[in-house]
Amino acid sequence: AFERSTAPYVLMLNSDTVVSPGAISRSVSRLEATPGAAVVGCRVLNPDGTHQSSVFRFPDLLGITLTALYLPQAFPDHPVLNWPRYGSGLWNEPHDVDVVMGGFLLVRRDALDDGPLLDEGFWMYGEETDLCRRLAERGHRVVFDPGPTIVHAHGGSGSTISAWSEAAKRRGILRFVWKWRPTPVAWLANAIRLLGLLPRMIGWGLADVVDRWRGRPDRARRKRLGVAKLHVEALARPSRLNEPWGPPTAPAAVDEAG
């Protein structure tokens, strides 16, 4: 779609969003008024009106370690413990960030003309991180603007393929790290994420026992096995992260997700 577009601005917009009146035009105005800016993202709200984190730093060992320890989730406003997503951030004024969420990402057409567009090897999750990194490498700015707003039903676009989407999110981070960081750093990042998964796997096992005792079906086994398999395979053969990848039935999954 980017390749076929001819307008001066291109908007990535999730299917599970509601755009507030004027949000797109205000975002265009922000791009036009900000020297060197190639990308702008807006304030994102949950359906209940609360703030939803929509900007983040490029994945690195510090952020990956904090995430593996689940510290950003436990301390979302802390400037260090939630380093990957800027902690409480400066949500009341425009400022430069590494990445804005692809759920609403407005980019200047001419910034895309001097290099590749989206890396389709990500398929879903992580593609906006890679795009922002490539734009930053060419000297462009990525800006968060709190004025325009959208409502985002988080996870709605991937809800019909949830057994696959958790692995896709992790693969997006791993693929970015393998692409942009030295190989030893990328391998270590994957190992850290796998170690961080072990406590959850123990909890999942206990939940399985309870579910079986109560006669409930295991609704999340595919998701759990898929996440663990991703990390193990990437450790054993990192080149798998560069292979074509998607849901087992990609066309059907896309149709169901709308």
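The table that follows gives values for the structure above.
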item: Condition check for Val55: closer than 15 Å to Asp145 by Cβ and touching an Asp or Glu at 6+ places or on another chain (Cβ under 6 Å); result: no
item: Members of the stretch 17-43 found to be in a strand (DSSP E or B), touching a Phe, Trp or Tyr at 6+ places or on another chain (Cβ under 9 Å) and within 13 Å of Phe144 (Cβ to Cβ), listed by number; result: Val40, Gly41, Cys42, Arg43
item: Qualifying residue in the stretch 161-171 (condition: in a loop (DSSP other than H, G, I, E, B) and open to solvent by 50 Å² or more (accessible area, probe 1.4 Å)); result: no
item: Selection status of Thr67, free of Cβ contacts under 8 Å to residues at least 40 places away in the same chain, more than 22 Å from Val142 (Cα to Cα) and of a type in the set (Val, Ile, Thr); result: no
item: Of all residues in the stretch 105-123 being open to solvent by 40 Å² or more (accessible area, probe 1.4 Å) and outside any strand (DSSP E or B), the one that is nearest to Arg30 (Cα to Cα); result: Asp110
item: Count of the stretch 10-29 residues which are touching a residue at least 40 places away in the same chain (Cβ under 8 Å) and open to solvent by 60 Å² or more (accessible area, probe 1.4 Å); result: 5
item: Which listed residue is open to solvent by 70 Å² or more (accessible area, probe 1.4 Å), in contact with a His (Cβ under 9 Å, 6 or more places away or on another chain) and either in contact (Cβ under 8 Å) with a residue 12 or more places away in the chain or assigned to a helix (DSSP H, G or I) (or both), from Pro47, Pro72; result: Pro47
item: Qualifying residue in the stretch 91-104 (condition: of a type in the set (A, V, I, L, M), touching a residue at least 24 places away in the same chain (Cβ under 8 Å) and in a strand (DSSP E or B)); result: yes
item: Among (1) open to solvent by 50 Å² or more (accessible area, probe 1.4 Å); (2) under 17 Å from Ala189 (Cα atoms); (3) aromatic (Phe, Trp, Tyr), the one test that Phe58 misses; result: (1)
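This table checks each residue for (1) over 24 Å from Trp180 (Cα atoms); (2) hydrophobic (A, V, I, L, M, F, W, C).
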{"site": "Ser88", "(1), (2)": "yes, no"}
{"site": "Val97", "(1), (2)": "no, yes"}
{"site": "Met101", "(1), (2)": "no, yes"}
{"site": "Ala111", "(1), (2)": "no, yes"}
{"site": "Phe122", "(1), (2)": "no, yes"}
{"site": "Gly126", "(1), (2)": "no, no"}
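For every residue, the table says whether it meets (1) more than 12 Å from the chain's Cα centre (by Cα); (2) farther than 17 Å from His154 by Cα; (3) among the basic types (Lys, Arg).
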{"site": "Val39", "(1), (2), (3)": "yes, yes, no"}
{"site": "Cys42", "(1), (2), (3)": "yes, no, no"}
{"site": "Gln52", "(1), (2), (3)": "yes, no, no"}
{"site": "Leu61", "(1), (2), (3)": "yes, yes, no"}
{"site": "Leu66", "(1), (2), (3)": "yes, yes, no"}
{"site": "Pro79", "(1), (2), (3)": "yes, yes, no"}
{"site": "Arg109", "(1), (2), (3)": "yes, yes, yes"}
{"site": "Gly126", "(1), (2), (3)": "no, no, no"}
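The values are calculated or read from the model by the stated rules, or taken from the named source; none is laboratory data. Predicted, not measured: the structure shown is a model, and the values here were computed from it. Heads up, the Cβs are rebuilt from the backbone with ideal geometry, glycines too, and the neighbour counts pull from every protein chain shown. Note: accessible area is taken over every heavy atom of the protein model, side chains too, but ligands, DNA and RNA are not part of it. Shrake-Rupley method; radii C 1.70, N 1.55, O 1.52, S 1.80 Å.
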